[in-house]
Amino acid sequence: MAFLDLVLLAAVAVFLGYRLWLILGTHDANKPIRKRQSSEDDVVIPVRARTVPSPAETDLPSSQEKSKTLDEDRFLQGATIAFRKIVEAYADGNTQALEKLLEGPLLETFEDAIAKRKKSKKSLEVDISSIASAEVVDKREEKNSIYMTVRFVSLQCLVTRDAKGKVVEGDPDRYIEVTDIWTFSRPLASSNPNWKLVATQIPEG
C-alpha cells in the first residue's frame with residue numbers, strides 16, 4: 001500500500017512539474033520568464049512613427065509667391081537707392097536729377113521749395129548716415145498704374161545755413177532718426193522698370 005502511495009505521489013509530482021514548466025518555461029538573463037501561451041499574445045498595439053512630410057505636403061510658398069517676394073525685394077533695393085539720390089538732389093538743388101526721379105505735382109513742390117531756398121540765399125546740408133529699415137506698407141493698382149508705399153527709417157544730419165554759412169537750423173554734430181513715407185508709381189503696361197516718386201507724407205504721431 002505504501003509503495004502505491006509513493007508511485008501515485010511521484011506521478012502527481014511529475015505532472016505538476018510538467019505543468020509548471022509549460023507555464024514558466026526556462027529562464028535566463030536574456031529571456032522573459034513568461035512564454036507565448038496563445039495567438040492572442042501576438043496582438044501588438046503599433047506605435048505610430050513620426051513621418052517626415054514630403055516637399056509637396058509641406059506648407060511652402062508657391063513659385064508665384066516666391067516671384068512676388070523677389071520682385072518686392074528688388075523694388076526695395078531700388079527704392080532705397082532712389083531715396084538717397086532724391087534727398088541728396090533736393091539738398092543740392094539739383095532739379096535735373098529730380099526730374100528723372102519724381103513725377104506730377106510732387107516734382108513741382110520740390111522745385112518750388114528749392115527756388116524759395118535759393119531766393120533766401122540759404123543752403124541745406126543732408127548727410128544720411130544709414131537707412132535702418134525700408135518696408136512696403138501699402139500696394140495698390142489704380143488707373144492703369146501700380147503704387148508702392150514705403151516707410152523709410154534713416155539716421156540723418158540736417159543743417160540749414162544762411163548766406164554767410166551760419167547755422168540757422170539743425171546741428172552739424174547731431175544725427176537724428178527720421179521716418180519718411182514715400183509712394184512710388186509706374187504704369188502697369190510700361191516696359192520701363194523704373195519707378196518715380198509721386199507722393200510723400202508725414203507719419204502720424
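The values are calculated or read from the model by the stated rules, or taken from the named source; none is laboratory data. In this text, all values refer to a predicted model and were calculated from it rather than measured experimentally. Don't worry about glycine lacking a Cβ; one is built from the backbone with ideal geometry, like all the others, and counts go over all protein chains shown.
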Take the residues of region 189-204 that are among the hydrophobic types (A, V, I, L, M, F, W, C) and loosely packed, with under 11 Cβ neighbours inside 10 Å: which is farthest from residue 124 (Cα to Cα)?
189
Go through region 114-183 and tell me which strands (runs of 3 or more DSSP E), entirely inside it, have 2 or more residues that are touching a strand residue (DSSP E or B) at 6+ places or on another chain (Cβ under 6 Å) and within 25 Å of residue 197 (Cα to Cα).
123-142, 145-161
Residues of region 80-99 being more than 19 Å from residue 178 (Cα to Cα) and either in contact (Cβ under 8 Å) with a residue 12 or more places away in the chain or aliphatic (A, V, I, L, M) (or both), in sequence order, are 93, 95, 97, 98
Selected residue [of a type in the set (Gly, Ala, Ser), in contact (Cβ under 8 Å) with a residue 40 or more places away in the chain and within 14 Å of residue 82 (Cα to Cα)] from 163, 189, 199
199
Of everything in region 133-151, what is closer than 17 Å to residue 180 by Cβ and out of contact with any helix residue (DSSP H, G or I) (no Cβ under 7 Å at 6 or more places or on another chain)? Give them in sequence order.
133, 135, 137, 138, 147, 149, 151
Within the bounds of region 174-184, is there any residue that is buried (at least 18 other Cβ atoms within 10 Å of the Cβ), out of contact with any helix residue (DSSP H, G or I) (no Cβ under 8 Å at 6 or more places or on another chain), farther than 20 Å from residue 114 by Cβ and modelled with pLDDT of 95 or more?
yes
